[in-house]
Amino acid sequence: MNLKDLRISTRLKLSFGLMAALMLLLIAGAVMQMNNLRAATVDLSENWLPSVGFVGDMNTNTSDFRLSEFQHVLNTDDARMKDIEKELAADLADFNKNRDAYVKLISSPQEQALWDQFAQDWKRYLEVHEKVIQLSRQNQNAEAKALLEGDSAKLFKQASDTLVKLVELNKNGGTAASQSAANTYQNALVTMG
């Protein structure tokens, strides 16, 4: 059967049917590209960016905590030391709030491994912290200072360095998600163009 043998109305119906099918394929492709774009932007806005924020805040919380430790050791006034202990508790509460929000966002084995390393170092750091505060309360400030500058400093540096690695990992993930969204957008333009 040849197309020329068909009546004009049949040829028009076939042409319009073919055009409609092509339009449906084009629309389906565009919807798929839009879904991919949406997934990339959701990943960026609901995982990578909040993770950078929470880890950055935890890094600040740990630094505030360490600073308060030094203030405690430098003081001999019981009332001031109690105030500083309240500040330490507030710093730790802020840290815990950020930690609880962040751990829900961990999205890769590499990120989990870094977090586990940080958690281990932070736990050991807090154990040394208790010794520092006990010595400081007894005004054994030279011993407390030695502990702060020894084991405590080493553990704090390890924990802080791991937090910095977590920030970098999440920044890189955010950059990759952003690039994925840009690529999807470009592909959608080519598909529609």
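Of the residues making up the stretch 75-91, not a single one is open to solvent by less than 60 Å² (accessible area, probe 1.4 Å), within 15 Å of Leu166 (Cβ to Cβ) and assigned to a helix (DSSP H, G or I). I need the full set of residues from the stretch 118-132 which are more than 16 Å from Lys82 (Cα to Cα) and either buried (at least 16 other Cβ atoms within 10 Å of the Cβ) or in contact (Cβ under 8 Å) with a residue 60 or more places away in the chain (or both), in order please. Once the filter is applied, which keeps residues that are more than 16 Å from Lys82 (Cα to Cα) and either buried (at least 16 other Cβ atoms within 10 Å of the Cβ) or in contact (Cβ under 8 Å) with a residue 60 or more places away in the chain (or both), the stretch 118-132 yields Phe118, Asp121, Trp122, Arg124, Tyr125, Val128.
Each residue in the stretch 133-157 was checked for being surrounded by fewer than 20 Cβ atoms within 10 Å (Cβ to Cβ), within 28 Å of the chain's Cα centre (by Cα) and among the small types (Gly, Ala, Ser), and 1 pass.
Can you say whether Leu49 is assigned to a helix (DSSP H, G or I), at pLDDT below 90, touching a helix residue (DSSP H, G or I) at 6+ places or on another chain (Cβ under 7 Å) and open to solvent by 40 Å² or more (accessible area, probe 1.4 Å), as far as the supplied structure shows?
yes
The set of residues in the stretch 52-69 that are open to solvent by 70 Å² or more (accessible area, probe 1.4 Å) and farther than 18 Å from Trp115 by Cβ contains only Leu67.
Only one entry in Glu143, Glu85, Glu149 is over 23 Å from Trp48 (Cα atoms), charged (D, E, K, R) and touching a residue at least 24 places away in the same chain (Cβ under 8 Å), namely Glu85. Within the stretch 17-27, can you find the residues that are modelled with pLDDT under 90 and open to solvent by less than 50 Å² (accessible area, probe 1.4 Å)? Correct list: empty.
The values are calculated or read from the model by the stated rules, or taken from the named source; none is laboratory data. Predicted model, so just to flag it, every value in this text is computed and none were measured. All Cβ positions, glycine included, derive from the backbone under ideal geometry; neighbour counts span all protein chains shown. Protein only, heavy atoms only, side chains kept; ligands, DNA and RNA dropped before computing areas. Shrake-Rupley method; radii C 1.70, N 1.55, O 1.52, S 1.80 Å.
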